[in-house]
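Below you'll find the structure, written out as structure tokens, and then a few comments.
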Amino acid sequence: VTDQQAGEPKPFDTVWFLSDYGLEDEFVGVVKAVIRAIAPHVTVGDVTHQIAPHDTRAGALALARSMQYLTLVPSVVLAVVDPGVGSDRRAVAVEAGGDEGPATVLVGPDNGLLASAVAMVGGARRAVSLTNDDYHLPAPGPTFAGRDVFAPAAAHLCAGVDLAELGELVDPVTLLPGILPLSRQEDGEVLGEVLWVDRFGNVQLNIDPDDLLLMDDPLALVFGDKTRTAVRARTYADLRTGQIGLVTDSYGLVSIALDRRSAAEELRIHSGDAVTIRAAE
Amino acid sequence: VTDQQAGEPKPFDTVWFLSDYGLEDEFVGVVKAVIRAIAPHVTVGDVTHQIAPHDTRAGALALARSMQYLTLVPSVVLAVVDPGVGSDRRAVAVEAGGDEGPATVLVGPDNGLLASAVAMVGGARRAVSLTNDDYHLPAPGPTFAGRDVFAPAAAHLCAGVDLAELGELVDPVTLLPGILPLSRQEDGEVLGEVLWVDRFGNVQLNIDPDDLLLMDDPLALVFGDKTRTAVRARTYADLRTGQIGLVTDSYGLVSIALDRRSAAEELRIHSGDAVTIRAAE
Amino acid sequence: VTDQQAGEPKPFDTVWFLSDYGLEDEFVGVVKAVIRAIAPHVTVGDVTHQIAPHDTRAGALALARSMQYLTLVPSVVLAVVDPGVGSDRRAVAVEAGGDEGPATVLVGPDNGLLASAVAMVGGARRAVSLTNDDYHLPAPGPTFAGRDVFAPAAAHLCAGVDLAELGELVDPVTLLPGILPLSRQEDGEVLGEVLWVDRFGNVQLNIDPDDLLLMDDPLALVFGDKTRTAVRARTYADLRTGQIGLVTDSYGLVSIALDRRSAAEELRIHSGDAVTIRAAE
């Protein structure tokens, strides 16, 4: 933790940090302490640490939703949802970005967590397996890679270390892809899936509002063995009490919502559930 | 997000942020990313994000309790508890402060959330409706005003943009007032209300300790259909096990407390409940 | 809050903050506002604020686990788990550190919370009781020492005020010791105790892996009236479904773990429970 190159240019002064570490334990604080020791000029911003333990799908989705905002400034994105920690899954850093503009580097396990986020910002330019233990913290056991491998890598990148020094370059096509479910249209219906239930109980689907353009209100939502009637609305407050709305949410996708109540609780619908939308009869 | 005026003076380098966004989702992180993109010199401090969803009363009270500390340095206060997001409720920025000293600017929905906090720091000098969309982020839907309207406004204010540029000036008297319940004295009793139950189960009332000066211990607490006996105490540790105390809390109000246990749980009393205090018989 | 000495050297620009304040209320935000007012150059990092209310043992353990990382940079460590707030328990600042290297100052109640952390970084050099109320915030009641006593002390130390100015120097040997349970070996068994259950349900014991070197796998775990068979493993992913592992955790202690499931939930074992390990029959 002492090899910070004082003379190097500092390509990043922001690390965005997402994990399933929660806030009950000291994990997040310790990771920040390691970053501060290596790259004291860096501000670490929390994306969220309340991803359900080991839920790489939820982590990947939260990261993908956030990326266009996190990358408004040149940033390193540190993401750790890592059920395979200490196993032979690779620890990686991925330099991503289109031809124009500065690169973003994403640091985390190669388990699909980073894939959608990398795609969101233009795809991978270079990737490295974090095998150079000159840039690891010594540790008694292999179970806290966030502290011992990922945080030092993120911090050294901010301090000016080149990606290629952190380990062996790997072909980006060998990175594990993310598996984001696509909706499809069939017989005038749209078959989708719940991507996310947010704190307010809004239920985001993997459905584009344009896919519903040819259907007239009211619409039928079919999930599990239930069918409920819904109407399109511009915002939550446009809904009458108890009325189920389909709102174009802040990410441009269709969300099922109620006014000031949790649609997820009311409908007993969960992340990953299949939802079909069709014209109501 | 690119129109930061590099040459402008920077009137604020601190944004205090309170919301009901919770920490499970990426909302808070994304808001901070937007602020950092517009005003990279700013430190964002979290007041709390665990206000119950849509609970503007609880948000207003937390903000009012915090204001005298948040304004120890020149600050923009960003507060978002916004059940009417996207409706015709106004989005506002309010410049507040007495004649002396620097102003504080509060940014949030015009739904009563900001009113007590504005009063706490000397009242409103100027207010603006955030209608100038040059200072909004483009967004697919209107449901995340924290990200698209309020955060950019707070950040541009920190970067030196004048309040008046953010939209139409509005008369501060048209801002929605907060509704803070007042206690009253009647027939030698004090009739109050629970303002807040804190994490430790202490129960803050809207009652000034001076209003109890003419009563002798022990006192009777009457709430719901229950009556319990309480004594005044200087601090929690002065209470015997199981003894109910009335403590002058850190905000100068009367709080019902137990030593090392939750008074709220023990007494089954909640925010908003009516409480009468009188001399015990 | 105005007596910051602009000309003084600034010995610390980092405060690490641990408490049982939770994140539901505004306590943590207000403490940070006080620090920022006194020492605006300081970055406050959160260790955790979700220590169970009044649980000084859990707070002391979290602090001890974190210290070697928090002190990678010169820091003030602010720790507040303080059931005796306002009573005659002392409020202290303890300068700690071995002969080499810079000191760390720990600020908090003298109730055992700081003791193990002080020992971790080389023991106490000097200690002071925070009795000089020139460095306190005036407050209506004594129940929020984090805001009124501890935060100002931490901030003034960062701003260059010497420890000795904050109150009366006290002999470090009079500081309340922490009570960390030691494991022991007896008749070929190791008798230990659960120190910590982390978010993932891993169960950290106060047992050194070396103490198990003379035993062959499988091992028997005895706790309550239960006996379960366990095997040593290098990491979680090495365990078969349902297999109970003993892993050397990231702090060098023996942890009971399952792969991708909570060992604590599965075994119904809690912090503070006694656990005996012996060779399975």
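The values are calculated or read from the model by the stated rules, or taken from the named source; none is laboratory data. These figures come from a predicted structure and were not determined experimentally. No Cβ is skipped: glycine too gets one built from the backbone with ideal geometry, and neighbour counts run over all protein chains shown. Remember, those area values only see protein heavy atoms, side chains included, never the ligands or the DNA or RNA. Shrake-Rupley method; radii C 1.70, N 1.55, O 1.52, S 1.80 Å.
What the Cα convex hull of region C:79-232 gives, in volume per residue, is 182 Å³. The residues packed around C:ARG268, meaning those with a beta-carbon under 12 Å from its beta-carbon, carry a net charge of -2 if Lys and Arg are +1 and Asp and Glu are -1. The loop-placed trypsin sites (Lys or Arg not before Pro) in region C:79-156, going by DSSP, include none that has at most 15 neighbouring Cβ atoms within 10 Å of its Cβ.
The percentage of C-alpha pairs in region C:199-281 whose separation is greater than 17 Å is 39%. Closest approach of any chain B Cβ to the axis that rotates B onto A belongs to B:LEU23, 4, distance given in whole Å.
Shape of region C:222-265 from its Cα gyration tensor (a ≥ b ≥ c, root eigenvalues): rounded if a/c is under 1.5, otherwise prolate when a/b > b/c, or oblate? Oblate, because a/c is 1.5 or more while a/b does not exceed b/c. The calculated FRET efficiency for the pair C:ARG234 and B:ALA52, based on their C-beta separation and a Förster distance of 35 Å, comes to about 0.20. Loop-located trypsin sites (Lys or Arg not before Pro) across region A:172-257 with a Cβ neighbour count of 12 or fewer within 10 Å are A:ARG240, with loop assigned by DSSP. With Cα atoms defining each centre, region A:185-204 and region B:47-77 are spaced 34 Å apart in the structure.
The alpha-carbon atoms of region A:43-136, seen along their principal axes, cover 36, 30, 25 angstrom, with the largest extent given first. Accessible area buried by the pairing of C and A, both sides summed with a 1.4 Å probe, works out to roughly 2800 Å². For a label point 7 angstrom out from the Cα of C:ASP187 toward its Cβ, which stretches of region C:261-281 have the backbone nitrogen within less than 20 Å? C:274-281, by backbone N distance to the label point. In chain C, helices alone account for a calculated mean residue ellipticity at 222 nm of -5000 deg cm²/dmol, with every DSSP H run of four or more residues adding -39,500 (n - 2.57). Relative to the other identical copies, B:PRO140 shows label-point distances of 4.8, 4.8 nm, where the label point lies 7 Å from Cα along the Cβ direction and values run shortest first.
Radius of gyration (Cα atoms) of region A:27-71, expressed as a multiple of 2.2 N^0.38 Å: 1.33.
Once a ≥ b ≥ c are taken as the square roots of the eigenvalues of the Cα gyration tensor of region A:134-181, is the result rounded (a/c under 1.5), prolate (a/b larger than b/c) or oblate (a/b not larger than b/c)? Cα axes put region A:134-181 in the oblate bin. Each principal axis of chain A carries a Cα extent, and these read 68, 40, 33 Å when sorted largest first.
Within 10 Å of the Cβ of each residue in B:168-177, the mean number of Cβ atoms contributed by other protein chains is 0. Between the Cα long axis of helix C:56-70 and the first principal axis of chain C there is an angle of about 80°, rounded to the nearest 10.
Each label point was placed 7 Å from the Cα along the Cα-to-Cβ direction; for C:THR131 and C:ILE179 their separation is 2.7 nm. Seen against the Cα atoms of chain B and their longest principal axis, helix B:27-38 is set at about 40 degrees. A simple count of charges around B:ALA151, restricted to other residues whose Cβ falls under 11 Å of its Cβ and scoring Lys, Arg +1 and Asp, Glu -1, yields +2. With a simple spin-label model that places each label point 7 Å from the Cα along the Cα-to-Cβ direction, the separation between C:LYS10 and B:GLN68 comes to 2.8 nm. Inter-part distance, region A:213-281 to region C:206-247, computed on C-alpha centroids, equals 49 Å. Averaging 1/r across all pairs of distinct Cα atoms in the protein assembly as shown and inverting the result yields a Kirkwood radius of 28.7 Å. B:SER129 sits among other residues whose Cβ lies under 9 Å from its own Cβ, and their net charge, with Lys and Arg +1 and Asp and Glu -1, is -1.
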